[in-house]
Each structure stands twice: as C-alpha cells, then as structure tokens.
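Contents: one structure, followed by commentary.
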Amino acid sequence: MKVSISWLTDYVTIELEPKILADALTMVGLEVEGMWDRYDYLDSVLVSRIETVLPHPNADRLTCCTVNAGSGPVSIVCGAPNVKENMLVPLALPGTTLPGGLEIRKSTIRGQVSEGMLCSEKELALGEGASGIMSLEPEIPLGTPLNQALKLSDTVFEIGLTPNRPDCASVIGIAREVAAIQKTEIRYPHYPSPESDGSITDLTSVNIEAPDLCPRYAARMIKNIKVSESPAWLKDRLLSIGQRPINNIVDVTNFVMLETGQPLHAFDFSFLEGGRIVVRTARAGEPFTTLDSKKRTLSEEMLLICDAEKPVGIAGVMGGENSEIQNDTTTVLIESAYFKPGSVRKTSKQLGLSTDASYRFERGIDPHGTIDSLMRAAELMVQVSGGTPVAGVIDVHPKPAPSKCIPLSVRATNRLLGTDITEETIIDLLESIEIKLDGKERVGNEDVISFSPPSYRVDLARPEDLMEEVARLYGYERIPTTLPVMTATEIRAGATTLRCLRDKCRDKMIGYGFSEAINYSFIHSDSASKLQIPEDDPRHGVVSLLNPLTEDQAVMRTSLLPGLLETMGRNLSKQVKTLRIFEVGKAFLVHGDEELPKERETLAALWTGDRQASSWSTQSIPSDFYDIKGITAALLGDLGLEDPLYSKKGASSGPYLRPGYAAGIAIDGENIGLVGEIHPDVLSTFGLKQTAFIFELFLDRLADYLPDHKKISGISKFPAVARDVTLIVDKQLEAYQLLDKVKQMEAQLVEEVSLFDVFDGGAIPEGKKSVSFRITYRSAEHTLEDESVNQTHTAICEQIIKEFKADLP
C-alpha cells in the first residue's frame, strides 16, 4: 500500500517528520518498507536564465538558446514559442528522467548541439501548461534545484500490510492510524447530496440470486456525463502513489477505492440489456471477456455481475469489456457491493487474475461502508463530469453483517502482555482507533470491559484481538522483557530433552562429514506407495492438506526418506555423484480415530557414491552397507548407548530396504531404528539409478535409553591375550547371537568379543556357514598365563557348541 503525505493531510494534520512518522507506523504494525520524495526527480532540474535566443540555422520552428544555470553557458535547442532572453526557466540536465519516462541526454538536433532540455509545466508534471516553457519568478537564485525553488516535497510511504489489516488498504485507514499515534482528530470527507431528478428504481433494479456470496449490493446512476481527462488535482492524487490516470469516470472509482478501501465499478448503462443487474453464479464453462481483452472460461463457483442476458463483470475481480466506459458514454451505473472474501479469493486464484479490487475483497472490506463510498463516488463524478445524479439509491441487503461486542478482562490483558496497564489507559488506547466502549462490569474478581469494534475492523473478533491492539498502541518497546523462571533441577532435567538430543545429533552428524538437509513437511500423496509401504501400515495413512500449494505438497510426511531421496535426485541431476546428507524432523503418523496425528521425532541419513573423494593417492571405492552402519554405530556410541542390537529380523519394518542388506536397530528389545540399502525398485520409482544407503533413528524412542551419567573404567597395565574360534553353525543363525552369548557368560577375563569372518559354500555343508570371531582376554591384576586363558576359552567354546549345536571345522 502506497500513500503520500500530501494525500494524508486531507484527513489528518501531520505533526511528525516523515522519518519519525515512518518509524511510528512500523512500531504499530504497519511496516514502512520504503519511503521517498516524489519530487526527487527535480533535483537535476535547475533554475536557469536564457541569455541569448537565435534562430536555428536548419529549422524554422526551432531556436538555439544559450542558458546559464549558474555554472557557465549551456547550449540548448528549443521549440517553445514563448522562449525569450532573460527569462528564468527550468533546465533539465542530461541524466534526468521526467515523469513521462523521457530520459534527457546530450544530443544533436538538426546539426546543433543541445545539452539539456527546457521544460513545460506538463513535462514536469507540475501543471497542465504544455504550449510553452514554464516561467519562473525572477528572484530565484540560478542553479537552485527546482524542487527547492518551488518548495515541492511530498514523501511517499510504501507500507507492507499484513493480511489481517484490510482496513489499512486505504488512505483513510492509514490516516486513522496516524491520528491515533499523534493523538489528534481525523477529518472524514464531506460530500453533500447533489441535486437530482427522476428515480433510480424507475430505470434499473438489482436482483441477488446468490446472497451467501453477495450479502449486499448498492447502486447509483449518473446521467448526462461527459467522459474526459480528469482534473489536475485528481490526476495528481493518483500519480502520487503510482496510479495511471485513465479518464474522469474511471479515475473517480479508483480514487474512492484508494481513499476508502471500497472497490467500485462503473458500467456504461447503455450496454446493460434490460437495464438491470443480476448477481448470480456462473454456468460451467461459461465464457467471458474481461477488461484486459482476455477471454476466460468460468466455473460454477464463480460469482458474476450480469444484466438481463449476459455477464458484465466477475464479482470482486474485474469488469467486462462489453460494458466498459467509452468516450461517448453518457449514463453510468455505479456499483458498490460486499462480496464474500473466500469466493473472491477462490475466483482470483482459479483465473490467475489479481487486481486492486480483488486484493481488498479477498481480505475483507467494511460491510457497512458500501453506501458511504457510493455516495462519495457519485458526488465526485458529478463534480468532474458535469453529470446529473438520478435520485435515490438501490441498496439490496439480504444478509446484514451482525454487530460484535467483545468482552476484555483487564487482568487477563496484563497477564498476557506482561504489563500493568490501567483500565483507563486501555479504554483510551482502544477509543483512539474508534473502538467503542459498551460498558463495564465485575465478573468474579476481574474487571471486564465490553467493546464494539467499528465495522471496518473485520479482524477484531476475540478478546485476544483487542489485547493485540492494546499492545501495539501502548508500544511494543514499552513492554518489559522478562525471562522464564527455571530452577537448577529443571535445567539439569532439560539436558536429556528431545531438543538437546536433536542438537547433539546434528553436531555429531556434521562432524562425521554429513550435510544437513531441510525439506518441507509436505510431500506427494503417493510417497508411501513409492516407498512400497503396505496400505495397512500406519505410515500409509496420511494427513491431507485442505489447500495444498502444489500437488507435490498435498499431505504431511510420514517418513523423512522421500525428502532425502528427492534431494539426492536433484544433486545427481547436477552431477554431484557422492552425497552424504541427513535431516532431523518430524514424521506425522495417523493413529486410529485420533483427531491429531502422532508426531515422531526422527533422524534420517543418506549416503550415496564413493566412500571418500578420489585423488592421486586414493582409489574410488563405492560406499556400502558397512559404511552407513559404521556411522550409525558411531552416533549411538557417542550418545552413550552401548551395544545396540542389529538384527535382520528387525528390518521387516523397512519394506523400502533391500532384503539381506538391512538391519533393524533395537535396545532392550525396543526398535529404535533401521539401517540398510534402499531397494532398487524404490530407487526406480524416485527416478534414481545410483545405489543409496540410509539409516533412520526414532529419537523419541531413543531418548528413553540415554544414560543419565557416563561410565568409565581404568585401563589395565597388563597385556591382553586373544583367541580365535571358528564354528560351523546353521546358516539362518545370526552371528550376533553367538557374540551375545559370550558376553552373557560374564567370564571374568573376557574383555571384548568381535566377529571377523563369515563364509559359506566350498567345503562348508549346505545349509551351514562358518563363523569366526575373536575373544580378547585381559586381567586388571596380573599378566595372564596360557593355561588359565586356555581353560576359560575352552569352557566358553564348549558351552557355545552345545547351545547352538555347532561343529568345529
């Protein structure tokens, strides 16, 4: 929203400097994103004296002038008939851009050099005079910039409005805020009823067939108008905020919309078949050509303004080419209506057509402001076109907007804001923006004040809305900053919260050489199917968005993997073949009939490409399952989780993993994650042709197993002794069961058990495999002797052979 100081002064006296006013508006929630003086272009237009005037040697209607701007003579070729010696004139120097877009350059005209341009009033947008050079007062010093010489200054603010403040999409709306800041009065425009004849109801009528979408439609008629160029004051108001003047009738509708926030439309009444207005929804596939000369196909939900036979406008968006104001128009019908914001928004989005009118209707205009704006437009049209208003107003109002009364607790307001504002101050603040006090009462031990917001404040509906108004008018900078009270016990307990766990996981993963990816929580609705997740799996049930931005963001994600795989695809398309990424975020799982999904905190990582970057000293080695498993083990170890169980049985919950190359991760029988290679079929559905390995850790489950303290033990000064053992076992037996059995024996001298070889085939019987592992023995008290080690080792092997029905090779 753009607004100029000169326009604001029509409604409120400006007492603050522009910079101070801009800061004040920003602090009350109307952020001033930019400000400039609209006459800055006159900085390079200097007051100059014409010293000599000679005929142009090669043109009858041109003259060659010598002009002095205070720093020496300048040659100018001029075609103005009123140019004469000693005349003070505005000289536009090279580099100046005039309001019409003309850039002044040094040039040669018919063989004579011209080092600038002498300007008329119209060329400088300072008046209507276009037949001659603008003449200046003789006492102005030479070389003075024209904006300073004429004391021209008009600051323009560009204000970024939040969607909840449609009332400020008007100059009067901004003026109300300025009046509240300065604690001054606002002056609303006065429009006396012009003399009129006839009766509008004898000439036209309005029928609303869709009252739910159009609760109110009002109209006035002006006869005997003359369409022409707008007067200077009207054009200047529009130009001050960058609006292009068109003609006096259209300019009035734009002016009133910008002034009051109520969009208007003027129809050429002679084009309305049957001389009446019908407000109805469109028929499926109904064609319509808008004012921009584009033919559009309409749908059944779109609201139309029609005459007796055809559409003449898309309600709240744009009028039709078949009823626009022409140069020979003599009678206009002015429309001022209230349309349902949701209907206008949907129509605008479907048509891809956004206008100043739809911008305001979408956010909600004043439902009671239609008549005032209509009367204002009628008065101005009569003034600028010489027309005669037809007596009466058509006001069809099938669904009046209900009045609102909002109770506000003084105690609750101060508790929420952290302030100690008195009841009187709250009343003064709210009344300064025309929120009317309805009454006071005592409810329990609280003082409750009732307020009625003005109809143009469509955003005010709850006590919290009024509290926000109190906060911004009181001044955010005056609200004290406080920190929440937290005891030492709470601080210690917070060390194991999910937030701390997320932060620690991020630090560790970055330390391992992974980059963090941040993807949207919204994914394509078929993502679960692409991951080959069964339909009866909770991860297949999704929360759908009511109004998704795109088809690819239609549902809430139930896994972080689709985002990582899509990130992998984008990198591969840019020839980034080696990628190590991770993401920490939430997956949203639907559980039965629960209204809200369960939010599962998850850490997911992906590794594809080489194990390390290849160079002259290293070979290119592809990453494999054991690389991603090693990262998983390192992370869990750094978190203090000892000996998590990796089991292929636990991998069944990952249908997107390749069988035989995946494992579930469990602690004390609780599944905390998965690790493995992405199934080739899943890679294919995502359009990927390169092997990828992933792990998932469910942080909300993992957090329950984080140790409260770290365990440490001294390092033995005595040497270790290692013994290897190879057993022939059933092929389906998982090696970890052998290792766990050795650990569960709690043999006094056993320090470590590790697997170093698995083999099948060859001389190994069918259905069997060879498993080799190493047991490390050490004593903390003395050097071990072979005899004691052999006894312990033999006892362990015999028990394992017996329990697992193993054979020695």
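Identify all residues within region 281-329 that are open to solvent by 50 Å² or more (accessible area, probe 1.4 Å) and within 22 Å of residue 345 (Cβ to Cβ); write none if there are none. Listed by number, the residues that qualify are 281, 283, 284, 291, 292, 294, 297, 300, 301. Among the residues of region 124-142, those that are out of contact with any helix residue (DSSP H, G or I) (no Cβ under 8 Å at 6 or more places or on another chain), open to solvent by less than 70 Å² (accessible area, probe 1.4 Å) and in contact (Cβ under 8 Å) with a residue 24 or more places away in the chain comprise 126, 132, 133, 134, 142. Given the criteria touching a residue at least 24 places away in the same chain (Cβ under 8 Å), among the acidic types (Asp, Glu), open to solvent by 10 Å² or more (accessible area, probe 1.4 Å) and closer than 15 Å to residue 653 by Cβ, does residue 677 qualify? Criteria not met by residue 677.
Just one of (1) open to solvent by 20 Å² or more (accessible area, probe 1.4 Å); (2) at pLDDT 90 or above; (3) more than 30 Å from residue 22 (Cα to Cα); (4) not in a strand (DSSP E or B) fails for residue 74. It is (4).
Residues in region 8-40 that are touching a Ser or Thr at 6+ places or on another chain (Cβ under 6 Å) and assigned to a helix (DSSP H, G or I): 18 alone.
Checking each residue in region 459-468 for being more than 20 Å from residue 342 (Cβ to Cβ) and without any contact (Cβ under 8 Å) to a residue 60 or more places away in the chain picks out 463, 464, 467, 468. Go through region 304-321 and give me each residue that's outside any loop (DSSP other than H, G, I, E, B) and touching a strand residue (DSSP E or B) at 6+ places or on another chain (Cβ under 6 Å). Those that are outside any loop (DSSP other than H, G, I, E, B) and touching a strand residue (DSSP E or B) at 6+ places or on another chain (Cβ under 6 Å): 304, 305, 306, 311, 312, 313, 318, 319, 320, 321.
Of the residues making up region 223-267, those that are of a type in the set (Gly, Ala, Ser) and under 33 Å from the mean Cα position of the chain (by Cα) number 3.
Here residue 603 meets the list (1) assigned to a loop (DSSP other than H, G, I, E, B); (2) surrounded by 17 or more Cβ atoms within 10 Å (Cβ to Cβ); (3) out of contact with any Ser or Thr (no Cβ under 8 Å at 6 or more places or on another chain) almost entirely, failing just condition (1). Do we have residue 806 as open to solvent by 30 Å² or more (accessible area, probe 1.4 Å), small (Gly, Ala, Ser) and more than 23 Å from residue 644 (Cα to Cα) here? Spelling it out, it is not the case that residue 806 is open to solvent by 30 Å² or more (accessible area, probe 1.4 Å), small (Gly, Ala, Ser) and more than 23 Å from residue 644 (Cα to Cα).
Within region 683-722, being open to solvent by 70 Å² or more (accessible area, probe 1.4 Å) and among the basic types (Lys, Arg) holds for 689, 710, 711, 717. Hey, can you tell me all the residues within region 354-377 that are farther than 13 Å from residue 262 by Cβ and either buried (at least 23 other Cβ atoms within 10 Å of the Cβ) or among the acidic types (Asp, Glu) (or both)? Result: 358, 362. Scanning region 16-55 for residues that are more than 42 Å from the chain's Cα centre (by Cα) and either of a type in the set (Lys, Arg) or crowded, with 16+ Cβ neighbours inside 10 Å (or both) returns 46, 47, 48, 49, 50, 53. Quick one: residue 246 ticks every box in (1) touching a Lys or Arg at 6+ places or on another chain (Cβ under 7 Å); (2) open to solvent by 40 Å² or more (accessible area, probe 1.4 Å); (3) of a type in the set (A, V, I, L, M) bar one, so which box is it? The failed condition is (1). Is one or more of the residues making up region 391-407 open to solvent by less than 20 Å² (accessible area, probe 1.4 Å), under 30 Å from residue 466 (Cβ atoms) and either touching a helix residue (DSSP H, G or I) at 6+ places or on another chain (Cβ under 9 Å) or outside any helix (DSSP H, G or I) (or both)? Within region 391-407, one or more residues are open to solvent by less than 20 Å² (accessible area, probe 1.4 Å), under 30 Å from residue 466 (Cβ atoms) and either touching a helix residue (DSSP H, G or I) at 6+ places or on another chain (Cβ under 9 Å) or outside any helix (DSSP H, G or I) (or both).
Taking residues in region 436-458 that are among the aromatic types (Phe, Trp, Tyr), and partners anywhere that are open to solvent by 30 Å² or more (accessible area, probe 1.4 Å), the pairs with Cβ atoms closer than 7 Å and at least 6 places apart or on different chains are 451/436; 451/437; 451/438; 456/366. Does residue 437 satisfy being touching a helix residue (DSSP H, G or I) at 6+ places or on another chain (Cβ under 7 Å) and open to solvent by less than 20 Å² (accessible area, probe 1.4 Å)? No, not satisfied. Screening residue 347 with (1) open to solvent by 60 Å² or more (accessible area, probe 1.4 Å); (2) part of a helix (DSSP H, G or I) gives one miss only, at (1).
Number of residues in region 227-243 that are in a loop (DSSP other than H, G, I, E, B) and within 18 Å of residue 381 (Cβ to Cβ): the value is 6.
Which of the residues spanning region 100-123 are part of a loop (DSSP other than H, G, I, E, B) and surrounded by fewer than 14 Cβ atoms within 10 Å (Cβ to Cβ)? Scanning region 100-123 gives 100, 101, 102, 105, 106, 110, 111. On the stretch given as region 723-740, residues that are outside any loop (DSSP other than H, G, I, E, B) and open to solvent by 40 Å² or more (accessible area, probe 1.4 Å) total 7. Quick one: in region 502-554, of everything that is of a type in the set (A, V, I, L, M) and open to solvent by 70 Å² or more (accessible area, probe 1.4 Å), which residue is nearest to the chain's Cα centre (by Cα)? Ranking the qualifying residues of region 502-554, first place goes to 549. Which residue pairs have Cβ atoms closer than 7 Å, lie 6 or more positions apart in sequence or on different chains, and pair a first residue in region 630-645 that is part of a loop (DSSP other than H, G, I, E, B) with a second residue that is surrounded by 14 or more Cβ atoms within 10 Å (Cβ to Cβ) and of a type in the set (Ser, Thr, Tyr)? Pairs found: 641/705.
On the given criteria, is residue 372 assigned to a loop (DSSP other than H, G, I, E, B), under 29 Å from residue 247 (Cα atoms) and charged (D, E, K, R)? Taking the combined requirement at face value, the residue does not satisfy it.
The values are calculated or read from the model by the stated rules, or taken from the named source; none is laboratory data. Nothing here was measured: the structure is a model prediction, and the numbers come from that model. Heads up, the Cβs are rebuilt from the backbone with ideal geometry, glycines too, and the neighbour counts pull from every protein chain shown. Surface areas here come from the heavy atoms of the whole protein model, side chains and all, with no ligands, DNA or RNA. Shrake-Rupley method; radii C 1.70, N 1.55, O 1.52, S 1.80 Å.
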